[in-house]
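Everything below concerns the one structure shown next.
The values are calculated or read from the model by the stated rules, or taken from the named source; none is laboratory data. Note that the structure is a prediction, hence the values are computed from the model and not measured. So basically every Cβ, Gly included, is an ideal-geometry build from the backbone, and we count neighbours across all protein chains shown. Side chains are part of the model used for accessible areas, which takes the heavy atoms of the whole protein and leaves out ligands, DNA and RNA. Shrake-Rupley method; radii C 1.70, N 1.55, O 1.52, S 1.80 Å.
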Amino acid sequence: MIKKLLFPAIAAIAMTTPISAEVSTGIIPKPVEMTVSDDALIELGPNTRISIKAPAEASGRLKEYIGQVKPQWQTAASNGQAQIVMSLENDLPGLTSTEGYTLKADKNGITIKAEGEEGLFYGLQTLLQLIEANGGTGVPAVEISDSPRFAYRGMMIDVSRHFFDKEFIKKQIDAMARMKLNTLHFHLTDGAGWRLQIDKYPRLTEYAAWRKGNTWSEWNINGNQYAEYTDPEARGGFYTKDDIRDILEYAADRHITVIPEIEMPSHSEEVTAAYPELSCTHDPKGTSDFCPGNEKTFEFIENVLDEVIELFPSQYIHIGGDEAPKTAWRTCELCAARMKAEGLENVEQLQSYLIHRVEKYLNSKGRDLIGWDEIMEGGLAPNAAVMSWRGIEGGIKAAESGHKAIMAPGRYCYFDGYQDAPYSQPEAIGGYLPLELVYSFDPAPDSIGTDITRNIAGVQATLFTEYVPTPEHAEYMLYPRMSALAEVAWTPQELRGDYGEFHERALKLNERMRKEGYHAFDLSKEIGNRKEAMTTINHLGRGKKVDYLRKWWSNYTAAGETTLTDGIRGGWNYNDQRWQGFVSGNDQRIDVVIDLEKVENLDSIGADFMQIIGPDVWFPSKVVISVSDDGKDYTTLRTIETPHEAEKGVLFRNYGWTGKAKGRYVRYQAFAEKGVVFTDEIVINPAEE
Ligand code: ACM
Ligand code: ZN
């Protein structure tokens, strides 16, 4: 009997037939087409040979890789005799890319075919996963035809905030290869440390690569001090050019392109500390931006890029471009002169001038520029590709105007946020990005039109490491979320509707990776979202009109004017579009009146708030709850005063009244001396009759 799994129309059948449990395939990312038969497993053993029909260089690389991964069947006590044939061929029907492959396993053996060496490599990855999922020596009889959805399938690692050595990077490259990810974006420079040997600027690695403070937090609290590498207190490190060549070779053998990122014009405190003349103020302390008025800046950038280009073969070179405050540019004479000479009207155009000029330089060397979505401000450089991190809008805008876009929005792709209930996790930068939310991301929804989606080259997860002090912790944040990202990147959207089914496969991969020594988060112990967010709540105020005497903050609108009475409660983070945010120039934050439409007997009125002091989210310092029959004269039921307390963590607290009262209008006011306050629902309960 043959069962076709994974075609959308019959996915429901596959889910309800026992075959998927019996013949465990469990491949991540899920192949485009797979037919599984319930014939006996095809057994491999020490007698299994792999023959590769491909040019010598390609087959040499594949053989070397197989030698390194040491498949289990080669040493197992198995009588399996199945033979493996891998061959490069032209014009294989059904494949849409040289990364695609076909794989067939039956009683005659196993064949993998592809039009490119990378396709053979991915076919091999699928085979290795099939074997792992079936006890190490057996493969179910399958027929697979598979190609990626996106050409760019990326992972970014920030090695500036915490330095991780090259062996760690190679271990992650192995994990990427198994998930068919093909691009490592290497965030090599940032304020917390420069990580790349540059011969022309030795101070970058004698000084800017070292700091006082083991962790980013210690360094940050103690005033961002750098250190001479000879200082016994110096912490940090950098990659020598030999280290990089080693990483690059290892990555190339696994069909992974490494894109280096050299930050400019901002996130460059470590450079201006080592070479103060490159900032507007020439102050070695605390200046994040290069001076774009100074020719020396361009001399530096070009010299550095020369060495970067010589080392890294990637077509794209990432130049950062994000989050430049541009403050010193406004008062710098050289910047003013540059703006005058170039006819630039504002500092945004000055940033754009720098980006365009650097792009021209890269183009003159045969390379292309990629940067964070800020590179579009003030006009996008002509050939540049955009990495969209502040939502997907930047990527859409870039794609619309013909640029290539990579989607890496914070909400779905920033793995520095909590992956489970914050109280159960090591300190993270904030957020709440569980596996399911990563999996739910569609980087190129059909609704935006093919004119745009055709320029969306792919998707990437990022691991910024301010709160990720050790290599073990980095793996903990990366996995298993990277497996969801890999499937987002590879598998067509219509084939990955069912999170429950993915979750089953992710659990198995998670268990295997943990056994192999990856310090992955244990998915089997996931707690999940805040319990209040899992159901809706009924109460007297539900569906009633809310009169906002002060409006919410437009950055955190949630569901607008229905938010506080829609019965929907917020989750672990304020970015889930269920928490409404309130800011203001004075103490008053929230002032709303809920009209219950008639006088009611009341038993309780309350609202939940959260506090996360890192991003300046605070509990209210005062709450006043009052009621009225006519909407004019109010009786105060309760005033709650709680001075701000800078307690760490992600905290929740209810501010409410309980008692006996009557009223039609309920007024809820919250005050805070600083920051934003967030609430999700004002819950009004009736008195028992
Ligand atoms: C970024 O997160 N600043 C790209
Ligand atoms: Zn300047």
_How far apart, in nanometres, would the label points at ARG638 and GLU310 be if each is projected 7 angstrom from Cα along the Cα-to-Cβ direction?_
7.0 nm
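At 222 nm, what helix-only mean residue ellipticity would the chain give, in deg cm²/dmol to the nearest 500, using -39500 (n - 2.57) for each DSSP H run of four or more?
Rounded to the nearest 500, the figure is -7500 deg cm²/dmol.
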*asked:* Could you tell me the center-to-center distance, by alpha carbons, between segment 419-461 and segment 475-549 in angstrom?
replied: 11 Å
*Ranked from highest to lowest mean number of other Cβ atoms within 10 Å per residue, what is the order of the peptides 151-163, 28-40?*
151-163, 28-40
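Taking the Cα centre of the chain as the origin, how large is its charge dipole in debye, to the nearest 20, when only Lys and Arg (+1) and Asp and Glu (-1) carry charge on their Cβ atoms?
On the way: 72 positive and 102 negative charges, 161 e Å.
The calculation lands at about 780 debye.
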*Using a 1.4 angstrom probe with every protein chain in place, what is the largest-first accessible-area order of SER288, SER440?*
SER440, SER288
*Under 26 Å from LYS285, Cα to Cα: lysines that are on another chain or at least 8 residues apart*: LYS200, LYS212, LYS296, LYS326
_Residues of segment 557-652: accessible area per residue with a 1.4 Å probe, Å²_ = 42 Å²
*Kindly report, to the nearest 10 Å², the accessible surface of SER352 as traced by a 1.4 Å probe over protein heavy atoms only.*
0 Å²
*Using the charge dipole of the chain (Lys, Arg: +1 at Cβ; Asp, Glu: -1 at Cβ; taken about the Cα centre), state which of GLN197, THR96, ILE173 has its Cα farthest towards the positive end.*
THR96
*Hey, rough spin-label estimate for ASP629 and ASP283, points 7 angstrom out along Cα→Cβ, what's it come to in nanometres?*
6.3 nm
*Unpartnered cysteines of the chain (Cβ-Cβ under 4.7 Å counts as a partner)?*
CYS413
_Run the numbers for SER524 and GLN68: contour at 0.36 nm per residue of separation, minus the present Cα-Cα distance, in nm._
161.2 nm
*Under a straight-distance cross-link criterion of Cα-Cα below 27 Å, which lysines are reachable from LYS660, leaving out those fewer than 8 residues away in the same chain?*
LYS544, LYS545, LYS598, LYS622, LYS632
*With every protein chain in place, segment 516-600: carbon and sulfur % of accessible area (1.4 Å)*: 47 percent
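Remind me, relative contact order of segment 95-149 in percent, using alpha carbon pairs under 8 angstrom and six or more residues apart? Provide the component values of the computation, followed by the final result.
Details: 98 pairs, mean separation 24.8, N = 55.
Result for segment 95-149 is 45 percent.
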*Estimate the FRET efficiency between THR453 and HIS473 by the formula 1/(1 + (r/R0)^6), using the beta-carbon distance for r and 51 Å for R0, to the nearest 0.05.*
0.90
*Quick one: pull the percent of accessible area on segment 157-291 belonging to carbon and sulfur, 1.4 Å probe, ligands and nucleic acids left out.*
47 percent
*asked:* Given a Förster distance of 22 Å, report the FRET efficiency between SER424 and GLU647 from their Cβ-Cβ distance, rounded to the nearest 0.05.
replied: 0.80
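For the chain, give me the percentage of DSSP beta bridges that are antiparallel, rounded to the nearest 5 percent. Before the final figure, lay out the partial values.
Numbers: 71 of 113 bridges.
Antiparallel bridges: around 65 percent, rounded to the nearest 5.
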*Leaving out same-chain residues fewer than 8 places away, which aspartates and glutamates sit with a Cα under 16 Å from that of LYS551?*
GLU561, ASP587, ASP591, ASP680, GLU681
*asked:* At 4 °C and a viscosity of 1.567 mPa s, what translational diffusion coefficient does Stokes-Einstein give for the chain, taking Rh as the Kirkwood radius over Cα pairs? Give it in µm²/s as a whole number.
replied: 47 µm²/s
*So how much slack lies between GLU228 and ASP595, counting 0.36 nm per residue of separation and subtracting their Cα-Cα distance, in nm?*
125.6 nm
